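The values are calculated or read from the model by the stated rules, or taken from the named source; none is laboratory data. Given the structure is predicted, the values throughout are model-derived calculations rather than measurements. Heads up, the Cβs are rebuilt from the backbone with ideal geometry, glycines too, and the neighbour counts pull from every protein chain shown. For the accessible areas, the whole protein counts, side chains as well, though only heavy atoms, and no ligand, DNA or RNA atoms are used. Shrake-Rupley method; radii C 1.70, N 1.55, O 1.52, S 1.80 Å.
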Amino acid sequence: MLELRDITKAFGDIVAVNHLDLEVKKGEFFIILGPTGAGKTTTLRITIGLEKPDSGKVLYEGQDITQLSPPLRDFAFMFESHNLYPVLNVYDNLAFPLRSPLFKVPESEVKKRVEAIADELHITHLLPRRVSHLSGGEQQRVALGRALIRRPKIYILDEPISSLDYKLREELQTEFKRIHEEYGITILSATHDNVSAMAMASRIGIMENGRILQVGAPRDIYTNPMSVSVARIIGAPSMNFIDCVVGETSLWMHGHQEFVIPLSPPIVGILRRELKGQGRILVGIWPEDIMVSEKIQEGYLKALVENIEYHGAERFVNLALGESPLKALLIRNCVPKHGAEIFVFLPEEKLYFFHPQNGLRIYVQLGRNGHYAF
Ligand code: ATP
């Protein structure tokens, strides 16, 4: 439906978008997820037509719209600084896009649509209020309403909720998802907030340094990140990375030959082949995949408890495994104390292997059940 083809855009020496390719399908909620400065806003501005790319094309249903002005594209957009009209009341702000000479919507229809969207977003009571008198969260809802009031071809939202407090963010996250599903609309959005991206997106495009690194359904990227950068950007909490050494027949933590991570011989063979002999490797594991025990068990490594972190209903323990910091999800009956010894097991089938230099994943073949196939 919407395609960005080989887009490049530089501001002086800064290459904000670098040979970027992206495709958004009809009806999907596509979120570009990346750290600050990745080039997300520039990509969205190019899509809307507020910025012209140095090279590359924007296509909508196969038509080249790269040179088309924003109103002719008929894309609705909403930016973090939402550009509401502070002196107008909420009603007139919501009505504004419909009153554009381009659409010529009769005033009776404007009234019907404003009231419907206000009801939808629970802001009917705010309609007579001046926007400058509203809280940040209320303004955000009005901005969302203004974007949603038309039925444009596509909605472009830049950091639509990331500046809000946690509770409002959660609320609007649910609202966005519901509106997306109910209206069957197409949304292209950008954020640095991996939690909301994971919760809302049909597909995510991971962006860094002006490039899209990986595209996929949130869960697929999470379980199958193609590089250290992707794993760092998608995870909250982040993936653990352990600097290791691949030996003749086993894997151990760098600087700690006593911390052996048991691996089956075929996997060691694959890693040695990829590394062209033995050598350093970065091993990744998600916090929820580490097995934690307060008692020593076969194959478990000894670590020290640094502190416990509460994330809603979940508890994570921060550990020191040699010099490596490690975060693990705790199961309910495990209540370790600060400074206590604890034992961790890193199951082979849950490990991710990355090249230490370029951070790219070293794939070991997986069977149908997600476990290694030998
Ligand atoms: P954030 O999450 O902080 O909004 P972003 O991923 O949206 O970041 P962009 O705003 O697209 O990133 O910026 C990408 C790079 O381009 C940054 O280094 C930024 O400083 C630079 N940049 C963006 N717009 C301009 C401009 N008009 N002039 C000069 N440099 C710019």
(message) Over segment 295-357, what is the relative contact order in percent, taking alpha-carbon pairs closer than 8 angstrom and at least six residues apart?
(response) 36
(request) Give the accessible surface of segment 119-216 per residue, rounded to a whole number of Å², with probe radius 1.4 Å and ligands, DNA and RNA excluded. (result) 41
(message) Heavy atoms of the protein only, probe of 1.4 Å, neighbouring chains included. What is the accessible area of GLU288 in Å², nearest 10?
(response) 80
(request) Could you pull out every one of the lysines with an alpha carbon less than 20 Å from that of LYS9, ignoring same-chain neighbours closer than 8 positions? (result) LYS40, LYS52, LYS57
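Accessible area of segment 138-181 with a 1.4 Å probe: how many percent of it is carbon plus sulfur?
On the way: 800 of 1710 Å².
Carbon-and-sulfur percentage of accessible area, whole number: 46.
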(message) When the expected Rg is taken as 2.2 N^0.38 Å, what fraction or multiple of it is the alpha-carbon Rg of segment 47-155?
(response) 1.17
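State, as an integer percentage, the relative contact order of the chain based on alpha-carbon contacts under 8 Å between residues 6 or more apart. Present the calculation step by step, with values, prior to reporting the outcome.
Values: 725 pairs, mean separation 55.5, N = 374.
Relative CO of the chain lands at 15 percent.
Largest first, what is the accessible-area ranking of ARG73, ARG315, ARG130 with a 1.4 Å probe?
Numbers: ARG73 5, ARG315 45, ARG130 105 Å².
Correct descending sequence by accessible area is ARG130, ARG315, ARG73.
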(message) Report the Rg/Rh value for the chain, based on alpha-carbon coordinates and the Kirkwood definition of Rh.
(response) 1.06
(message) I need the shape label for segment 236-282. Rule: rounded when a/c is under 1.5, else prolate if a/b > b/c, else oblate, with a, b, c from the alpha carbon gyration tensor.
(response) prolate
(message) Can you give the local net charge around GLY49? Use residues other than it whose beta-carbon is closer than 12 angstrom to its beta-carbon, Lys and Arg +1, Asp and Glu -1.
(response) +1
(request) Could you provide, to the nearest whole Å², the per residue accessible area of segment 1-95 with probe 1.4 Å? (result) 46
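Checking the a/c ratio against 1.5 first, then a/b against b/c, what shape does the Cα gyration tensor give for segment 228-312?
Working: a/c = 2.32, a/b = 1.37, b/c = 1.70.
Oblate.
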(message) Could you work out [θ]222 nm for the chain from helices alone, using -39500 (n - 2.57) per DSSP H run of at least four and dividing by all its residues? Round to the nearest 500 deg cm²/dmol.
(response) -7500 deg cm²/dmol
(request) Could you grab the relative contact order for segment 237-371? Cα pairs under 8 Å, six or more apart, rounded to a whole percent. (result) 26
(request) Round to a whole angstrom and tell me the spacing of the C-alpha centers of segment 77-123 and segment 203-279. (result) 48
(message) To make sure I understand the rule: partners must be aspartates and glutamates, Cα under 19 Å from the Cα of LYS327, and not fewer than 8 residues away in the same chain. Which ones qualify?
(response) ASP243, GLU288, ASP289, GLU294, GLU306, GLU309, GLU314, GLU341, GLU348, GLU349
(request) With the full set of protein chains in place, find how many percent of the accessible area of segment 238-374 is carbon and sulfur; take the probe as 1.4 Å. (result) 52
(request) Return an integer: the convex hull volume of the alpha-carbon atoms of segment 122-202, in Å³ per residue. (result) 100
